[in-house]
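Trainee: The structure follows.
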Protein chains: 2
Amino acid sequence: MDTMKVLTIDDSSGIPAMKAGEFQKPVPADHELLVKIEATALNRADLMQKAGKYPPPEGVTPILGLEMSGVVEGFGSKVQGFEIGDHLFGLLPGGGYAEYCVIHAGHAMKMPGDMSFEEAAAISEVFLTAFQAVIWLGELQEKETILIHAGASGVGTAAIQLAKELRNARIITTAGSEEKCAITAGLGADLCMNYREENFADSLEETFGKNCVDVIIDFVGSPYWDKNIRILAMDGRVVYLAMMGGATIEKMSLVPVLRKRLTVRGSTLRNRSDEYKTKLTADFHKQTMHLFATGRLKPVIDSVFEWEDVEEAHERMENNLNAGKIILTGM
Amino acid sequence: MDTMKVLTIDDSSGIPAMKAGEFQKPVPADHELLVKIEATALNRADLMQKAGKYPPPEGVTPILGLEMSGVVEGFGSKVQGFEIGDHLFGLLPGGGYAEYCVIHAGHAMKMPGDMSFEEAAAISEVFLTAFQAVIWLGELQEKETILIHAGASGVGTAAIQLAKELRNARIITTAGSEEKCAITAGLGADLCMNYREENFADSLEETFGKNCVDVIIDFVGSPYWDKNIRILAMDGRVVYLAMMGGATIEKMSLVPVLRKRLTVRGSTLRNRSDEYKTKLTADFHKQTMHLFATGRLKPVIDSVFEWEDVEEAHERMENNLNAGKIILTGM
């Protein structure tokens, strides 16, 4: 059996750490591509999986890594539209921390001409999650107003760019420091509020009036619920992607939900079906690739590490030092 | 100025009551039809408006009546597709308790050949509300499972029929008596639960397993929140049209909203824009009129009153004696 280099989890010291190892080289199924990985990107789920808190679903490789870029080396009998040597990137159910991976052909996206592998590896998770939230679930319309919480986060920075480039929206963000506010302004946010210093709902009402927001992307959860509902406009939508500040809302009223005809949605990307991811990937690729090619959309890269330095990279994420994606390369 | 017969609110005794009167005959604007009303139907909003609790929006006639059927007598310069003598029905912002009304041409629907005016007058409010909730907002898909609370109500009976005829759905209802359960079964409900005698969520889990419902149409509000969320399936949707049992949920958790990727929506029909109502009306007309024509969809009529007996009709609704629409005719 062919083998390949991978990073595996070493639990022997009691503190899980990544170490170099070998694993069987995957063989593409009928609908899969075999890819020589050139770069992969870190996700918070990697840290959780390393700590044993986020086991991969059954049937999925135990190797970490939810996205990658690389070069096609082969493919199954039912794959169409790809050739050996194509440069591509995409979402993985796992397996990115390796020399090779297989990817569902419907989840693979061809790279525009002059995009680097590091850039391509930084796109899939944050931009597909943001695209799903802003365009598919939030149904943001041309020139509407969107409030993006955690605007300097990975998904936040992607959501800002998509709202601006695809919908010419008025973009409002929250973030926890002046530095992070500046990042969101640099990407196109019209107004950024430091949530440590102001009540975003009060500030928004003062600046734009009551009920001024059409779509909200939220990762915070219960602490923002009342304020979110208060500033949503008629037919407003709030999309929950996480609940990092808590999940339980004391005294939730249905009155504004009915009166303002609101929509509240929760979503995640990882546990979606292959079919859903294929449709999402295709729609995203069609609507955005020309914008990546011309530089109007840009993945935000924090840092690039050689794969041997993976522990250093994980530590950077663990300590919340990154602004943008952390890339591993050189496998 | 031309006048016409109407029913107006007489407050003189201290207890508001309807009485015969005269009012100016309306003149159709460019996009409006002038209709000789043949039948109108009662809505709960009529009782509230009569009691002074639900004033019509500014610019809307003070005459009660949110729907009607009748015959075209004239139209404005921009109306296309209608002729004098056409039989039609549709939603009104008000003005149905009268000899004549004007209606936005986009809100008027031509009647199938052998439909009676009484039947046509009974369709608009309940069927458009149900169509909006089940098809547009609930996005019910072919063969999905829908739970319709208050299944024997006007909107409930319309929702059952639409879910069955348009989506071949598995239909579950709740109602407050055996008699009402029998009505929903007669219309096509696969299972009806008497909410006075069983916990619908427990019963559903026993019968169909956990997380078995794709779409819920709810009028009850907070008392059903936890049970609704509990039995919704992955990607489930709950549409709130009212909150007759209360609006405040003491502890609402976002965990199932995210984990099951749920959508929670509130909506009403009356305060929608003319443009929205035009689109909804057109889509409804296209998808359902052949089913009304062949009797597969049928408005549920409780009783027909001569317009002079309007107080008796109101009393019947006030006392919740009706199952189906109450019609006024003979204006």
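Read-outs throughout are calculated quantities, based only on the coordinates presented, and are distinct from any laboratory measurement. What you are looking at is a predicted structure, and each value in this text was computed from that prediction instead of being measured. FYI the Cβ positions are ideal-geometry reconstructions off the backbone, even for glycines, and counts take in every protein chain you see.
Trainee: Principal axis lengths of the protein assembly as shown from Cα atoms, whole Å, largest first?
Mentor: Sorted from largest, the Cα extents of the protein assembly as shown read 89, 53, 47 Å.
Trainee: Filter the trypsin sites (Lys or Arg not before Pro) in segment A:15-59 down to the DSSP loop ones having no more than 12 other Cβ atoms within 10 Å, then list what survives.
Mentor: In loop regions of segment A:15-59 (DSSP not H, G, I, E or B), the sparsely surrounded trypsin sites (Lys or Arg not before Pro) are A:K53.
Trainee: Treat segment B:128-266 as a sphere of radius equal to its Kirkwood radius over Cα pairs and apply Stokes-Einstein at 4 °C in a medium of 1.567 mPa s; give the translational diffusion coefficient in µm²/s, rounded to a whole number.
Mentor: Estimated via Stokes-Einstein, D reaches 89 µm²/s.
Trainee: Moving to a separate point now. Let me test this: with uniform point scatterers at the alpha carbons of segment A:116-200, what is the Debye-based log₁₀ I(q)/I(0) at q = 0.18, 0.20, 0.21 1/Å?
Mentor: Those come out to -0.70, -0.84, -0.91, one per q.
Trainee: Related question: Over the Cα atoms of chain A, compute the convex hull volume and normalise it per residue, giving Å³.
Mentor: 140 Å³
Trainee: I need to check one value: relative contact order of segment A:244-331, counting alpha carbon pairs closer than 8 Å and at least 6 residues apart, in percent.
Mentor: Once divided by the residue count of segment A:244-331, the mean separation gives 23 percent.
Trainee: What is the gain in length, in nm to one decimal, between B:T248 and B:E83 on full extension, counting 0.36 nm per residue of separation less the C-alpha to C-alpha distance?
Mentor: 54.4 nm
Trainee: Work out the charge dipole of chain B with +1 on the Cβ of Lys and Arg and -1 on the Cβ of Asp and Glu about the Cα centre, then indicate which of B:W307, B:L280, B:F117 is farthest towards its positive end.
Mentor: Going by the charge dipole, the pick is B:L280.
Trainee: Identify all lysines with a Cα-Cα distance to B:K298 below 18 Å; exclude those on the same chain that are fewer than 8 residues away in sequence.
Mentor: B:K110, B:K164, B:K180, B:K286, B:K325
Trainee: Let me ask another. Could you work out the mean count of beta carbons from other protein chains within 10 Å of each residue's beta carbon in A:297-309?
Mentor: Mean shielding count: 0.
Trainee: Can you give the helix-only mean residue ellipticity at 222 nm for chain A, where every DSSP H stretch with n ≥ 4 adds -39500 (n - 2.57) and the sum goes over all residues, rounded to the nearest 500 deg cm²/dmol?
Mentor: For chain A, the value works out to -8000 deg cm²/dmol.
Trainee: Copy-to-copy spacing for B:D114, label 7 Å out on the Cα-to-C-beta vector, in nm, shortest first?
Mentor: Values, ascending and in nm: 7.3.
Trainee: Below 8 Å between Cα atoms, with a sequence gap of 6+, how large is the relative contact order for segment A:126-266 in percent?
Mentor: 21 percent
Trainee: Out of the DSSP beta bridges found with both residues in chain B, what percent are antiparallel (nearest 5)?
Mentor: 55 percent
Trainee: Among B:N228, B:V257, B:A189, whose Cα sits farthest toward the positive end of the charge dipole of segment B:128-266 (+1 at Cβ of Lys/Arg, -1 at Cβ of Asp/Glu, about the Cα centre)?
Mentor: Final value for the positive-end residue is B:V257.
Trainee: Express in whole angstrom the spacing between the alpha-carbon centres of segment A:166-193 and segment A:120-160.
Mentor: Taking the Cα centre of segment A:120-160 as reference, the centre of segment A:166-193 is 12 Å away.
Trainee: While we're on this one: Report the calculated FRET efficiency for A:A323 and A:A51 (r = Cβ-Cβ distance, R0 = 22 Å), to the nearest 0.05.
Mentor: 0.40
Trainee: Sticking with this one: I need the peptides B:65-76, B:120-131, A:67-78 ranked by packing, meaning the mean over residues of other C-beta atoms within 10 angstrom, with the highest value on top.
Mentor: Output ranking for B:65-76, B:120-131, A:67-78: B:120-131, B:65-76, A:67-78.
Trainee: Measuring from a point 7 Å out along Cα→Cβ, what nm distances, shortest first, does A:T207 have to its partners in the other copies?
Mentor: In nanometres, ordered from closest: 5.1.
Trainee: Could you tell me what percent of the DSSP beta bridges with both partners in the protein assembly as shown are antiparallel, to the nearest 5?
Mentor: DSSP beta bridges in the protein assembly as shown are roughly 60 percent antiparallel.
Trainee: Mind putting a number on the dipole of chain B about its Cα centre? Charges go on the C-beta only, +1 for Lys and Arg and -1 for Asp and Glu, and I need it in Debye to the nearest 20.
Mentor: In debye, rounded to 20, chain B gives about 1340.
Trainee: Placing the label point 7 Å from Cα along the Cα-to-Cβ direction, what are the distances from B:N271 to the equivalent spots in the other copies, shortest first, in nm to one decimal?
Mentor: 3.4
Trainee: Return the long-range amide H neighbours of B:L64 (sequence gap of 5 or more, or a different chain), with a cut-off of under 5 Å between placed amide H atoms.
Mentor: Under 5 Å from the amide H of B:L64: B:G95, B:Y97.
Trainee: Considering Cα pairs under 8 angstrom that are at least six residues apart, work out the relative contact order of chain B and quote it in whole percent.
Mentor: 16 percent
Trainee: Quantify how strongly other chains surround peptide B:242-252 by giving the mean number of their Cβ atoms within 10 Å of each of its Cβ atoms.
Mentor: What the average comes to for B:242-252 is 4.
Trainee: May I pose another question? Ranked from highest to lowest mean number of other Cβ atoms within 10 Å per residue, what is the order of the peptides B:256-269, A:274-287?
Mentor: Going from most to least packed, we get B:256-269, A:274-287.
Trainee: Roughly what would the spin-label model give for A:D202 and B:K143, points 7 Å off Cα along C-beta, in nm?
Mentor: The answer from the label model is 5.6 nm.
Trainee: Let me ask something else. Along segment A:315-325, what does the Karplus equation 6.51 cos²θ - 1.76 cosθ + 1.60 (θ = phi - 60°) give for ³J(HN,Hα), rounded to whole Hz, x for Gly and Pro?
Mentor: 4, 4, 5, 4, 8, 6, 8, 8, 10, x, 7
Trainee: A further question follows. Treat every Asp and Glu Cβ in the protein assembly as shown as -1 and every Lys and Arg Cβ as +1, leave all other atoms uncharged, and give the resulting dipole magnitude about the Cα centre to the nearest 20 debye.
Mentor: 20 debye
Trainee: Could you go through segment A:204-213 in sequence order and give the Karplus-derived ³J(HN,Hα) for each residue, using 6.51 cos²θ - 1.76 cosθ + 1.60 with θ = phi - 60°, rounded to whole Hz, and x for Gly and Pro?
Mentor: Karplus-based 3J(HN,Hα) across segment A:204-213 equals 5, 4, 5, 7, 10, x, 5, 6, 9, 10 Hz.
Trainee: Could you give the size of the charge dipole of segment A:59-124 about its Cα centre, using +1 on the Cβ of each K and R and -1 on the Cβ of each D and E, expressed in debye and rounded to the nearest 20?
Mentor: 300 debye
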